Amino acid sequence: MIDKKPYYITTAIAYTSGKPHIGNTYEAVLADAIARFKRQEGYDVFFQTGTDEHGQKIELKAADAGITPKEFVDNVSGQIKDIWDLMGTSYDKFIRTTDDYHEAQVQKIFKKLYDQGDIYKSEYEGMYCTPCESFWTESQLVDGKCPDCGREVKPAKEEAYFFKMSKYADRLIEHINTHPEFIQPVSRKNEMMNNFLLPGLQDLCVSRTSFKWGIPVSFDERHVVYVWLDALTNYITGIGYDADGNSTEQYGKYWPADLHLIGKDIIRFHTIYWPIFLMALGEPLPKQVFGHPWLLQGNGKMSKSKGNVLYADTLVDFFGVDAVRYFVLHEMPFENDGVITWELMVERLNSDLANTLGNLVNRTISMSNKYFGGVVENKNVCEDVDADLKAVVTSTKDKVVGKMNELRVADAMTEIFNLFKRCNKYIDETMPWALAKDEDKKDRLATVLYNLVEGITIGAILLESFMPETSEKVLAQLSSEKRDLDALAEFGGYVSGTKVTEKPEILFARLDVNEVMAKVEEMFPPVADEEPAKEEEPVMELEIKEEITIDDFAKCQFAVGEIIACEAVKKSKKLLCSQVKIGNQVKQIVSGIRSTYSPEDMVGKKVMVLVNLKPATLAGVESQGMILCAEDAEGKLAIMTPESNMPSGAEIC
């Protein structure tokens, strides 16, 4: 048996100063998607994450809370781990910098570097930023404030140990120049070279005496090890590094790390300080450091009164785990910051997840059950349109692999959803409901449904790394087996004669953005001076028609219908033709709503239908009912939908 190639990926360890917001959580989900995909590719993956638990900020917060620093970090680290678990992150190791083995190795590392002359004792005087736990010179400040976070700094002076950074600077510059893949994206590399390395490095403060919550320096216990020498070394202590030369087999297997995944705000520490520490220890450097952009919350400054401080567990309560994973992974550009808002989450859930994916799966399974009792068979009655579908489906795997190799996770997901969109288009092109009316085309109909099931199966397997729960649900409903990635370049792996589930599960229910925002406002009520003036709602004059009796009304039968397919009427610019499932029957209804709705908008909607309207022919297409709409003075339409999720066929009375 051939051993799998090892792959070691890490996140930055989360600082335990408070509950992580969705921007912090994004990094863990991003790393998880990469780790899962590498496992799919056949790598022996080790994925490490964890928490950074020492420092003055923790000491101060614990004092404010009236508890010990250890009690404080135990609580926050538990919160962070719970959120990582909630989001389905498949980490192999969750390290804490308060773990005994880590603290012992940090002390050994500090002593080793001191003994070999890389660390020396001196005195530090400068401007100190408590939130960042960083010293700055006057020339480094921006408008008199911390250049990293923009907060106030205070003068500080204390005895400290320093690391001789300049000793290794030339060697690091050479490494960066000869390893263009080391710092990604390239813009981060240019920033590090031009702003820090080329102007010359100052020696780095690596101990403190002004607080106690840290790892004591073993030979000088007035000092505690300063944050970065403590925190950064987790990447090697967590897999068994020993400064005395007795490192574990695991360390030999996985180091150097294949990828450090971090936020762009700490790129300097990971591409300058960390490589230099490793050079001093005589250890190889990580293969790549990727400084991802930020996920910004709302349009502007975070404010609880505006409801734009977002936490993963809150979002999951509204949208579900995989919908949140989809959003944070798909909406983040490779190099530029992304933005998350409640409204955008709802829009993506409705359009991409409920419509493009969820409705595709639901329609395909429903048609398989309706026309063939759920049995999916490949009758090989092929037409030209099949070739393009198969080409898109079988080429997607290589596209996804290519994007993932470049860490372009959002682009990889786009390729998968392009596959699902192509399947939806295939339904419109082949019109299974029309084929079902002709007994002579039964085998063609079976082939169409087989092609759809196979396409969805391949897409769902590719989706596993990004939306694992959804992938599993789709494959279960289709009774599909998982396949190796290499097998996804071939069309036809779905076993002909397999039976799909009888009752397809709704993967993602559409949400009403107004209802969501109303709940958000309840959670985050606006402060008094932010309360917007209430505008008076416009009203229309209604011309009352001739009165009718209850007997007249009783002649009309209204029911809830679910639109399972919709297409534009070719001979008209105004009409859409919908296939509407009403209980155990499907009616074809033509509606003059194309000015407001596209066919894609309609599919999956629950609508109010006048069921017993006499059939009529509109633009050459028979209509067997009426979908009820409201119309404003400008001619804008709004389809009438039930307030709560009612079953298809529910009578309206």
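Results, tabulated for the structure shown:
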{"quantity": "Candidates 19, 5, filtered to the one that is closer than 20 Å to residue 236 by Cα and charged (D, E, K, R)", "calculated": "5"}
{"quantity": "Given (1) at positive phi; (2) modelled with pLDDT of 85 or more, index of the condition residue 150 fails", "calculated": "(2)"}
{"quantity": "Qualifying residues in region 94-122 (those that are over 41 Å from the mean Cα position of the chain (by Cα) and in a helix (DSSP H, G or I)) - the one surrounded by the most Cβ atoms within 10 Å (Cβ to Cβ)", "calculated": "114"}
{"quantity": "Answer residue from region 624-640, given it is farther than 14 Å from residue 582 by Cα and either of a type in the set (Asp, Glu) or without any contact (Cβ under 8 Å) to a residue 40 or more places away in the chain (or both) and is surrounded by the most Cβ atoms within 10 Å (Cβ to Cβ) among those", "calculated": "629"}
{"quantity": "Residues located in region 176-202, provided they are surrounded by fewer than 16 Cβ atoms within 10 Å (Cβ to Cβ) and of a type outside the set (A, V, I, L, M, F, W, C)", "calculated": "177, 178, 179, 180, 181, 187, 190, 194, 195, 199, 200, 202"}
{"quantity": "Hits in region 387-410 (condition: touching a strand residue (DSSP E or B) at 6+ places or on another chain (Cβ under 9 Å) and either in a helix (DSSP H, G or I) or among the aromatic types (Phe, Trp, Tyr) (or both))", "calculated": "410"}
{"quantity": "In region 458-475, the residues that are crowded, with 24+ Cβ neighbours inside 10 Å and over 20 Å from the mean Cα position of the chain (by Cα)", "calculated": "458"}
{"quantity": "Among (1) under 24 Å from residue 311 (Cβ atoms); (2) of a type in the set (D, E, K, R); (3) at pLDDT below 95; (4) surrounded by 15 or more Cβ atoms within 10 Å (Cβ to Cβ), the one test that residue 145 misses", "calculated": "(1)"}
{"quantity": "Cross-chain or 6+ apart pairs with Cβ under 9 Å, region 576-604 first and among the acidic types (Asp, Glu), then outside any strand (DSSP E or B)", "calculated": "600/351; 600/355; 600/356; 600/424; 601/351; 601/355"}
{"quantity": "Given (1) among the aliphatic types (A, V, I, L, M); (2) part of a strand (DSSP E or B); (3) at pLDDT 95 or above, number of the condition residue 231 does not satisfy", "calculated": "(2)"}
{"quantity": "Members of region 141-170 that are more than 34 Å from the chain's Cα centre (by Cα), touching a residue at least 40 places away in the same chain (Cβ under 8 Å) and assigned to a loop (DSSP other than H, G, I, E, B)", "calculated": "164, 165"}
{"quantity": "Among (1) out of contact with any helix residue (DSSP H, G or I) (no Cβ under 8 Å at 6 or more places or on another chain); (2) on the phi > 0 side of the Ramachandran plot; (3) surrounded by fewer than 16 Cβ atoms within 10 Å (Cβ to Cβ); (4) of a type outside the set (A, V, I, L, M, F, W, C) - the single one residue 492 does not satisfy", "calculated": "(1)"}
{"quantity": "Residue list for region 429-445, filter: within 16 Å of residue 377 (Cα to Cα) and either in contact with a Leu (Cβ under 9 Å, 6 or more places away or on another chain) or buried (at least 17 other Cβ atoms within 10 Å of the Cβ) (or both)", "calculated": "432, 435, 436, 441, 442, 444, 445"}
{"quantity": "Residue under evaluation residue 447, criteria (1) over 19 Å from residue 359 (Cβ atoms); (2) among the β-branched types (Val, Ile, Thr); (3) within 32 Å of the chain's Cα centre (by Cα), criterion not met", "calculated": "(3)"}
{"quantity": "Of all residues making up region 84-108, the number that are of a type in the set (A, V, I, L, M, F, W, C) and touching a Phe, Trp or Tyr at 6+ places or on another chain (Cβ under 8 Å)", "calculated": "2"}
{"quantity": "Number of positions in region 590-620 that are farther than 17 Å from residue 351 by Cβ and assigned to a loop (DSSP other than H, G, I, E, B)", "calculated": "11"}
{"quantity": "Residue within region 9-16 that is closer than 15 Å to residue 88 by Cβ, surrounded by 17 or more Cβ atoms within 10 Å (Cβ to Cβ) and at pLDDT 95 or above present", "calculated": "yes"}
{"quantity": "Residue identified as surrounded by fewer than 19 Cβ atoms within 10 Å (Cβ to Cβ) and at positive phi among 42, 55, 78, 50", "calculated": "42"}
{"quantity": "Counted residues, region 505-524 - those being closer than 16 Å to residue 349 by Cα and in a helix (DSSP H, G or I)", "calculated": "5"}
{"quantity": "So residue 553, is it among the hydrophobic types (A, V, I, L, M, F, W, C) and modelled with pLDDT under 85", "calculated": "yes"}
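Per-residue answers, yes or no, for (1) touching a residue at least 12 places away in the same chain (Cβ under 8 Å); (2) in contact with an Asp or Glu (Cβ under 8 Å, 6 or more places away or on another chain):
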{"position": "235", "(1), (2)": "yes, no"}
{"position": "240", "(1), (2)": "no, yes"}
{"position": "244", "(1), (2)": "yes, no"}
{"position": "252", "(1), (2)": "no, no"}
{"position": "281", "(1), (2)": "yes, no"}
{"position": "287", "(1), (2)": "yes, yes"}
{"position": "290", "(1), (2)": "yes, no"}
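The values are calculated or read from the model by the stated rules, or taken from the named source; none is laboratory data. What you see is a predicted model, and the numbers here were worked out from it, not measured in a lab. A quick note on method: Cβ atoms are made from the backbone with ideal geometry, for glycine too, and the neighbour counts reach across all protein chains shown.
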